Amino acid sequence: MKIAVGNDHRGVAIKHRLLGLLKDLGHEVADLGASAQSSVDYPDYAITVAEAVSAGQVDRGILICGTGHGMCIAANKVTGIRAANCRDIVDAELSRRHNDANVMCLSADLIGEEQIEKMVQAWLATDFEGGRHARRIEKVAAYEKAHESHSGN
């Protein structure tokens, strides 16, 4: 799987740890995040990763900032993105099973590094269940399509 990883200044250390993990797991990785801990704006990285996922350049994205909230909000502005801010393994698994999340957002400040690694592994290994959940995802996609001209897409 090809995975884009993006981060702001708060997520630099976690990103480097995840890049190694993802490569060790056999994934192709695109590092689209900040490389220094000097202050940057999270929307720049969230949108870059989300657009790569939306365009099919990568299969999934992982975003890291202080809380995960900012990255999640920004990424979800891109058509076709289903970003989920995950705080534990249950969040990670359910975001895939029920929501077919294609972008995972993580907190560098509120979750330990080992927990993050377990969450990422669970998220990557979990399949979308489809069924009634697919109907709901289709409704979101239909709304996006119907309102593309209003959002400038």
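Only the coordinates and a few stated rules stand behind these numbers; no lab work does. Not measured: the values here are computed from a predicted model. Here Cβ is always computed from backbone atoms with ideal geometry, including for glycine, and neighbour counts include all displayed protein chains.
Quick one: what do you get for segment 64-110 if you divide its Cα Rg by 2.2 N^0.38 Å?
1.05
Modelling each spin label as a point 7 Å along the Cα-to-Cβ direction, I'd like the Ile73/Arg136 distance in nm, to one decimal.
For the pair Ile73/Arg136, the computed spacing is 2.3 nm.
Which residue, Thr67, Gly33, Ile14, has the largest displacement toward the positive end of the dipole of the chain when charges sit on each Cβ (Lys, Arg +1; Asp, Glu -1)?
Result: Thr67.
Report the charge-dipole magnitude of segment 35-152 in Debye, nearest 20, computed about the Cα centre from +1 at each Lys and Arg Cβ and -1 at each Asp and Glu Cβ.
Roughly 520 debye, rounded to the nearest 20.
Given Cα pairs under 8 Å that are at least 6 residues apart, what percent is the relative contact order of the chain?
Values: 284 pairs, mean separation 33.1, N = 153.
It rounds to 22 percent for the chain.
Please give the helix 132-146 orientation as an angle from the longest Cα principal axis of the chain, in degrees from 0 to 90, rounded to the nearest 10.
In the chain, helix 132-146 runs at an angle near 80 degrees to the longest axis.
Mind jotting down the distance between the C-alpha centroids of segment 83-121 and segment 1-47, whole Å?
The two parts, judged by their Cα centres, are 15 Å apart.
How would you order 60-69, 34-43 from highest to lowest mean count of nearby Cβ atoms within 10 Å?
Put in order of decreasing packing, that is 60-69, 34-43.
Calculate the FRET efficiency for Leu110 and Glu148 from the Cβ-Cβ distance with a Förster distance of 22 Å, rounded to the nearest 0.05. Walk me through the numbers on the way to the answer.
On the way: r = 34 Å, r/R0 = 1.57.
That pair, Leu110 with Glu148, gives E of 0.05.
Taking all pairs of distinct Cα atoms, average 1/r, flip it, and tell me the Kirkwood hydrodynamic radius of the chain in Å to one decimal place.
Numbers: mean 1/r = 0.0654 Å⁻¹.
Kirkwood hydrodynamic radius for the chain: 15.3 Å.
When the helix-only estimate is applied to the chain (DSSP H runs of n ≥ 4, each -39,500 (n - 2.57), divided by the residue count), what is the mean residue ellipticity at 222 nm, nearest 500 deg cm²/dmol? Mind showing how you got there, number by number?
Values: 7 runs with 74 residues, N = 153.
Helix contribution divided over all residues of the chain: -14500 deg cm²/dmol.
Show me 7-13, 132-138, 73-79 ranked by packing, highest mean number of other Cβ atoms within 10 Å first.
Top of the packing list down: 7-13, 73-79, 132-138.
What's the long-distance tail for segment 76-145, i.e. % of Cα pairs beyond 20 Å?
Roughly 31 percent, rounded to a whole number.
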